[in-house]
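Input: a single structure, listed below in structure tokens.
The values are calculated or read from the model by the stated rules, or taken from the named source; none is laboratory data. Just so it is clear, the model here is predicted, and its values are computed rather than measured. Don't worry about glycine lacking a Cβ; one is built from the backbone with ideal geometry, like all the others, and counts go over all protein chains shown.
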Amino acid sequence: MEAPNLSYWEKTNFYTTDIVIVGSGIVGLNAAITIKKKQPTLNVTILERGFLPSGASTKNAGFACFGSISELIEQEKVGGTELLRELVRKRWEGLQKLRSLVGDDKLDLQINGGFELFKAEEFALKDECVSKISHFNAIVEDITSISDVFSVTNSKPKIFGFNYIDCLIENKLEAQLDAGKMIKALVQIAASLGVVILNNCVVNDFKEEENFISVFTSQGKFKVKKLLFCTNAFANQLFSQLSLKPGRGQVLITKPIDNLKLKGTFHYDKGYYYFRNVGNRVLLGGGRNLDFFTEETHQFGETPLVQNTLLRLLKEVILPDTPFEIEQKWSGIMAFGNELSPIVEEVAPHVFCAVRCNGMGIAIGSQTGQEAGELVLRSF
Ligand SMILES: Cc1cc2nc3c(=O)[nH]c(=O)nc-3n(C[C@H](O)[C@H](O)[C@H](O)COP(=O)(O)OP(=O)(O)OC[C@H]3O[C@@H](n4cnc5c(N)ncnc54)[C@H](O)[C@@H]3O)c2cc1C
């Protein structure tokens with residue numbers, strides 16, 4: 001259905017375009033930027049259903065990471081060493097691409113290191129992770145040319161003020177950034193290249209016509225040559241054949257804390273919990289593994305089970321001696337699948353998707369968007 005009362009100008013300038021990208025998260029924006037940089041004369045429009053991006057890109061924890069040791073062990077089990085090497089390479093190169101495109105200042109990127117925490121009683125997991133440090137250091141050095149990226153540090157749990165934690169594995173390359181600043185900067189870069197971003201526009205369906213594609217949205221029908229879905233966890237609402245599932249991540253942030261001791265990004269329980277400092281606040285998220293079934297949802301929201309566990313973790317382990325208050329809670333939706341690589345493919349004639357960043361889209365989102373943009377361009 002066409003939107004009512006469209007002018008001739010609106011119809012020809014906004015509703016007819018060469019490429020529509022659905023979703024203005026990190027992948028959609030990078031795809032649009034790639035296309036416009038390579039083919040400036042093509043008209044590119046992003047349709048975003050939210051007033052702001054409404055998936056994961058502005059709701060995440062802002063870890064610029066490429067995997068903690070326990071995550072890398074799990075991922076190596078799934079795909080083997082070569083696949084893991086390629087994945088780590090993509091994550092690393094993706095982060096470098098993001099940094100050179102946006103600039104560290106605009107990302108508020110700080111390389112404060114990343115740390116994986118082990119409780120004293122988790123000696124089996126700790127021993128396995130420690131025994132793999134040299135193996136993963138060799139892989140990471142091969143990619144980054146930097147040696148001894150992972151190392152054990154037994155003094156820092158006390159310095160950071162943790163309880164019950166007797167060992168940390170440090171990743172000296174891990175960084176943190178401001179996810180809101182990242183998307184704001186990407187929106188500005190896309191706009192400066194001539195990308196049109198239209199918000200509050202839900203794409204409901206599409207149809208292949210003789211020489212174009214009709215895109216049916218909550219704001220009426222668009223006429224386009226190529227259509228690219230960068231809708232991550234929501235992609236299976238239109239393409240049930242895609243192998244991905246949504247996973248909700250619940251997050252909270254404290255009010256400012258005087259003399260906060262911890263600084264950096266922290267991973268706990270094989271990455272199922274993550275926390276960091278944001279200035280002198282603590283941001284903590286995770287707990288999806290407490291109830292995978294409930295958290296496999298497209299709905300934003302919080303549950304008492306996850307929230308109470310996050311609070312307990314803060315009180316007992318992270319800030320045992322420090323009074324704190326919670327300022328804000330929110331959630332975001334990620335996409336997971338059995339395979340670790342994102343899906344970048346043609347899903348129907350002239351229709352493409354770039355989805356499933358498996359919870360590490362800050363690292364892999366730029367690469368995924370670039371691959372998708374290049375795939376669309378090759379199809380012209
Ligand atoms: C709580 C949380 C913490 C995270 N922490 C980190 C982290 O620290 N480091 C890291 O690397 N990654 C992290 N991630 C993962 C990372 O944020 C994602 O992998 C990444 O943002 C995915 O980007 P995307 O562009 O593919 O998807 P999204 O950002 O989800 O973008 C998809 C967009 O598509 C839009 N959309 C969907 N359907 C439609 C439709 N029908 N019509 C129009 N628009 C539509 C959505 O509104 C959304 O804006 C986290 C995620 C969450 C939720």
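Residues considered: Asn236, Asn232, Asn204. Of these, the only one that is within 14 Å of the ligand (Cβ to nearest atom), within 26 Å of Gly337 (Cβ to Cβ), modelled with pLDDT under 95 and within 25 Å of the chain's Cα centre (by Cα) is Asn236.
Tell me, yes or no, whether the range 353-361 has at least one residue that is assigned to a helix (DSSP H, G or I), near the ligand (Cβ under 10 Å from one of its atoms) and either out of contact with any Asp or Glu (no Cβ under 9 Å at 6 or more places or on another chain) or among the hydrophobic types (A, V, I, L, M, F, W, C) (or both). Yes, the conditions are met somewhere in the range 353-361.
For Lys11, state whether it is modelled with pLDDT of 95 or more, surrounded by fewer than 23 Cβ atoms within 10 Å (Cβ to Cβ), of a type in the set (Lys, Arg) and farther than 24 Å from Ser341 by Cα. So Lys11 does not fit the description; no. Screening Asn232, Asn277 for residues that are crowded, with 18+ Cβ neighbours inside 10 Å, in contact with a Pro (Cβ under 9 Å, 6 or more places away or on another chain) and polar (S, T, N, Q) leaves exactly one candidate, Asn232. Taking the listed residues Lys226, Lys263, Lys255, the one that is modelled with pLDDT of 95 or more, within 30 Å of Cys201 (Cα to Cα) and either of a type in the set (Lys, Arg) or surrounded by 23 or more Cβ atoms within 10 Å (Cβ to Cβ) (or both) is Lys226, with no other qualifying. Taking the numbered list (1) more than 15 Å from the ligand (Cβ to nearest atom); (2) part of a loop (DSSP other than H, G, I, E, B) in turn, Lys77 passes all entries but (2). The set of residues in the range 310-352 being among the basic types (Lys, Arg) and free of Cβ contacts under 8 Å to residues at least 40 places away in the same chain consists of Arg312, Lys315. Screening Phe292 against (1) within 27 Å of Ile343 (Cβ to Cβ); (2) within 11 Å of the ligand (Cβ to nearest atom); (3) at pLDDT 95 or above leaves a single unmet condition, (2).
Summed over the range 139-168, residues that are buried (at least 17 other Cβ atoms within 10 Å of the Cβ), closer than 19 Å to Asp127 by Cβ and touching a residue at least 60 places away in the same chain (Cβ under 8 Å) total 2. Cβ-Cβ contacts under 6 Å between residues 6 or more apart (or on different chains), taken from a first residue in the range 353-370 that is within 17 Å of Ser24 (Cβ to Cβ) to a second residue that is assigned to a loop (DSSP other than H, G, I, E, B) and more than 6 Å from the ligand (Cβ to nearest atom), are listed as Cys357/Pro342; Thr368/Pro342. Given the criteria in contact with a helix residue (DSSP H, G or I) (Cβ under 7 Å, 6 or more places away or on another chain), among the small types (Gly, Ala, Ser) and under 30 Å from Arg89 (Cα atoms), does Ser331 qualify? Considered against the rule, which asks whether it is in contact with a helix residue (DSSP H, G or I) (Cβ under 7 Å, 6 or more places away or on another chain), among the small types (Gly, Ala, Ser) and under 30 Å from Arg89 (Cα atoms), Ser331 comes out as no.
Meeting the requirement of 3 or more residues that are surrounded by fewer than 17 Cβ atoms within 10 Å (Cβ to Cβ), the helices (runs of 4 or more DSSP H) wholly within the range 81-136 are 81-102, 123-131. Phe234 falls short on exactly one of the conditions (1) among the hydrophobic types (A, V, I, L, M, F, W, C); (2) under 21 Å from Glu346 (Cα atoms); (3) without any contact (Cβ under 8 Å) to a residue 60 or more places away in the chain, and that condition is (3).
The set of residues from the range 246-283 being of a type in the set (A, V, I, L, M, F, W, C) and part of a strand (DSSP E or B) comprises Val251, Leu252, Ile253, Phe266, Phe275, Val278, Val282, Leu283. Is at least one residue of the range 18-33 modelled with pLDDT of 95 or more and away from the ligand (no atom under 15 Å from the Cβ)? Looking for residues that are modelled with pLDDT of 95 or more and away from the ligand (no atom under 15 Å from the Cβ), one finds at least one in the range 18-33, hence yes. When the range 152-201 is limited to residues that are β-branched (Val, Ile, Thr) and farther than 30 Å from Thr16 by Cβ, the one that is nearest to the ligand (Cβ to nearest atom) turns out to be Ile169.
For the range 211-245, a tally of residues being of a type outside the set (Ser, Thr, Tyr), outside any strand (DSSP E or B) and within 28 Å of Thr294 (Cβ to Cβ) returns 12. Among residues of the range 169-187 that are in a helix (DSSP H, G or I), those with a beta-carbon under 6 Å from a residue that is acidic (Asp, Glu) and away from the ligand (no atom under 11 Å from the Cβ) at least six positions away or on a different chain give the pairs Lys181/Asp108.
If I ask for residues that are aliphatic (A, V, I, L, M) and in contact with an Asp or Glu (Cβ under 8 Å, 6 or more places away or on another chain), which ones from the range 144-178 would you list? Once the filter is applied, which keeps residues that are aliphatic (A, V, I, L, M) and in contact with an Asp or Glu (Cβ under 8 Å, 6 or more places away or on another chain), the range 144-178 yields Val149, Val152, Leu168, Ile169, Leu177.
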